[in-house]
Each structure stands twice: as structure tokens, then as C-alpha cells.
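What follows is one structure encoded as C-alpha cells, with my remarks underneath.
The values are calculated or read from the model by the stated rules, or taken from the named source; none is laboratory data. All values derive from a computational prediction rather than experimental measurement. Here the Cβ positions follow ideal geometry from the backbone for every residue, glycine too, while neighbour counts run over all protein chains shown.
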Amino acid sequence: MGKTNILDAIYYLCMCKSHFKTSDKHLTKHETDFFRLEGNFVSERKEEKVIDKIIAKVQARKRKDFECNLAVYDRLSDHIGRFPVVMIAPDDTLMAMEGSEERRRFLDNTLCQLDNQYLTHLMHYNKVLSQRNKVLKQFAETRTFDDILIQSYDVQLLPSANYIHQKRQEWMKDFEPIFIDYYSQISGERESVKCIYQSKLSDTNFETLLAETREKDRILQRTTTGTHKDDLKFVFNDVPVKQFASQGQLKSYILALKLAQYELLRQEKGIAPILLLDDIFDKLDENRVRHLLELLIQKKEFGQVFITDTHENRVAQIVEKFDMNYEKFVIENGKHLDDEL
């Protein structure tokens, strides 16, 4: 019906990309090559309400344009973090069940909103890494190898890799205790949980690692060490979450990760991020959803929350018990009927 599209549009206006691993061409309506998003973000600054009008203009094979109050950003990275956002969606459990890429994406999503320099270093690192990998493949095809050229790429990687590793390490020290506390609140259970940052750069400097793996890189035609190989280890009662946690425990674990992400963004940015909850009943039983909503409502730290559900009145019945204001929008055939309560 389009419920997820609404949340993803909000996310897009905050992060300059979709929450899902989807390219812009797949977001565009069929048989068109252009889309435009527009949103008004209302915030309080110095006890005054300020409205920022954000517009995204995306056209196939052309530069993506973002505007804030009709002024076009020179770089999209200048916008990311202006309006912090956290989205919780049914496929978030893939963080635990799939490879390390999803878990690094969680790390990067948070740190890019907190630190513009982190985003700049991440973009630079990924660009140089891609160039280095391309050269390694070319060497294999031509049966040649230029050690000096590879070292030149290594020199370019070092500053960004070290910055990324340092920021990830610092952030995890603040993140883990908050995560553990949220898991306890959500589950009401006594399991012990951990979230451990794993990086070879924690034990050996990156320059040494690159030198040690250069021959391996030549044979495998790709860069086998670096921050692009970092991971988060999800632990439940001292064993991997993926193998031993029940479905309910896994869902509680992922939810606690996202709420801890929200809390650290709130603390660091000084404003409450937008929270997007997409079809949460799909992955959580009703008791856990009620517990989650009670947590969101009772804690004043949470700001504006958007919730989608396939049942029109299910969330409303829970929220009404707390005597709070909300608006309900019913989506039919891709359009919404405004039903204010």
C-alpha cells in the first residue's frame, strides 16, 4: 500500500539515500527517470520554531541535488547528520544472520550522522580501496605486479583507515553499556548480552598489516585486510546470537541495538532523532511491541515517532492507554486518508 515508502522517504530526506540497499534507479516509479521528495522539518532553536524545507531531486544519469531552504548543497555529506534518524524495519535481523557487511553498515550509519569527517574519510577509503582492487585484478590479467604502485595506494589508505578505526573503537565503548541496558528493559529477561567490535587494526598497525598481506592480495586479486573487514560480534550468554538465540531473543537483541543507536545520537547531537518503526508486529509479538511502545512513551528522550502497521487500530489501542496525542493516516491504494484523532 505504500506505508514503508513513506518512512523511507523521510529517511531519504535525512540521509540522502534509501534505508534499504537499493539504488536510486530502483526507487523511481516505473517508466519514469525522475523523482522529487519534499519535507518540512520543524525544530526549536533558541525557544523559536524553525522550519527547514528539504528537497531532493533525483534524475537518472544526472547529479543528485539536495536543497535546504532552496539553497543547493555543494556536497551531500554536508547534509547528513543535520536531521538524525533511526529506522527499525523487519529485515534488521539480517544484521545477525548474514555477513559482516550489514554490521559495518550499522556502525557507519551512526558515525556518519555524528561526524562529518568520518563520512569524508569513509568515502575516501572506499574510493582508494576500489582503485587498489582494480589494479590488483589488472596485474593478474597481465601477469605483472608493480609493488611501488600498490604501496602508493597503501599510503592513501592509511590516514582514513586509522581515523575510521579510532572512531569506531571510541563509539563502541559508549555504545555497549547503553545497548545492554536496553536489552534488559525490552526483554525483561536475565540473559547476558555483549556487542564486541572486532578489527585487526586493534592489534597491529595498518601499515604492517598491508605489508604482511601484499602477496596474499596479489594472489587473491583483492585487498584482504583493512577496516572494510571489521565486524561486530553479537554475543548472547557467551555464545553467538546467530546460533543459539531464540527468535524472540534475536528480535529483542536487534531492537536494543537500534534503540542504543538512537540514544547515542540523541546524546551527541543534543536533539531527539526521528524514529521510524516499520511494521514492527511482523517481527515482534504483541507483548514485546507493547513493552517497546511503553518504553518510547514513558521516556521523554524520544521525539517524533512514525509507526506503520497492517492493522488499522492495533497501535492506536496501545497508545490510547497513555493519553497522548497522535495522528493516524490510513493508506489505501497508495494514497492516505487523513484521519486525525
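Observations on the model:
- Candidate set from the stretch 20-49 (those that are more than 22 Å from the chain's Cα centre (by Cα) and of a type in the set (A, V, I, L, M, F, W, C)); member that is surrounded by the fewest Cβ atoms within 10 Å (Cβ to Cβ): Val42
- Output for the stretch 140-155, where each listed residue is assigned to a helix (DSSP H, G or I) and surrounded by fewer than 17 Cβ atoms within 10 Å (Cβ to Cβ): Ala140, Glu141, Thr142, Asp147, Ile148, Leu149, Gln151, Ser152, Val155
Okay, residues lined up against (1) under 28 Å from Ala260 (Cα atoms); (2) of a type outside the set (D, E, K, R); (3) without any contact (Cβ under 8 Å) to a residue 40 or more places away in the chain:
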| site | (1), (2), (3) |
| --- | --- |
| Pro84 | yes, yes, no |
| Tyr118 | yes, yes, no |
| Lys134 | no, no, yes |
| Ala140 | no, yes, no |
| Ile148 | no, yes, yes |
| Asn162 | yes, yes, no |
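- Positions within the stretch 50-81 being under 15 Å from Lys17 (Cβ atoms) and surrounded by 15 or more Cβ atoms within 10 Å (Cβ to Cβ), in sequence order: Ile54, Ala56, Lys57, Val58, Phe66, Tyr73, Leu76, Ser77, His79, Ile80, Gly81
- Apart from one condition, Ile80 fits all of (1) assigned to a loop (DSSP other than H, G, I, E, B); (2) over 13 Å from the mean Cα position of the chain (by Cα); (3) not aromatic (Phe, Trp, Tyr); the exception is (2).
- Restricting the stretch 304-330 to residues that are assigned to a loop (DSSP other than H, G, I, E, B) and either surrounded by 15 or more Cβ atoms within 10 Å (Cβ to Cβ) or of a type in the set (Phe, Trp, Tyr) (or both), the residue that is modelled with the lowest pLDDT: Phe322
- Leu232 vs. criteria in contact (Cβ under 8 Å) with a residue 40 or more places away in the chain, within 30 Å of Ile150 (Cα to Cα), of a type outside the set (Val, Ile, Thr) and crowded, with 16+ Cβ neighbours inside 10 Å: yes
- Candidate set from the stretch 156-181 (those that are of a type in the set (Lys, Arg) and closer than 17 Å to Phe206 by Cα); member that is surrounded by the most Cβ atoms within 10 Å (Cβ to Cβ): Arg168
- Filtering the stretch 94-132 to residues that are hydroxyl-bearing (Ser, Thr, Tyr), surrounded by fewer than 19 Cβ atoms within 10 Å (Cβ to Cβ) and within 16 Å of the chain's Cα centre (by Cα) leaves only Ser100.
- Considering residues of the stretch 195-215 that are in contact (Cβ under 8 Å) with a residue 24 or more places away in the chain and among the hydroxyl-bearing types (Ser, Thr, Tyr) only, the residue surrounded by the fewest Cβ atoms within 10 Å (Cβ to Cβ): Ser202
- Count - residues of the stretch 26-58 that are in contact with a Lys or Arg (Cβ under 9 Å, 6 or more places away or on another chain), more than 22 Å from Ile307 (Cα to Cα) and not hydrophobic (A, V, I, L, M, F, W, C): 4
- Considered as a group, the residues in the stretch 177-194 that are in contact (Cβ under 8 Å) with a residue 60 or more places away in the chain, of a type outside the set (A, V, I, L, M) and in contact with a strand residue (DSSP E or B) (Cβ under 7 Å, 6 or more places away or on another chain) include one that is farthest from Asp154 (Cα to Cα), and that residue is Tyr183.
- Residue within the stretch 112-120 that is in contact with a strand residue (DSSP E or B) (Cβ under 8 Å, 6 or more places away or on another chain) and among the hydrophobic types (A, V, I, L, M, F, W, C) present: no
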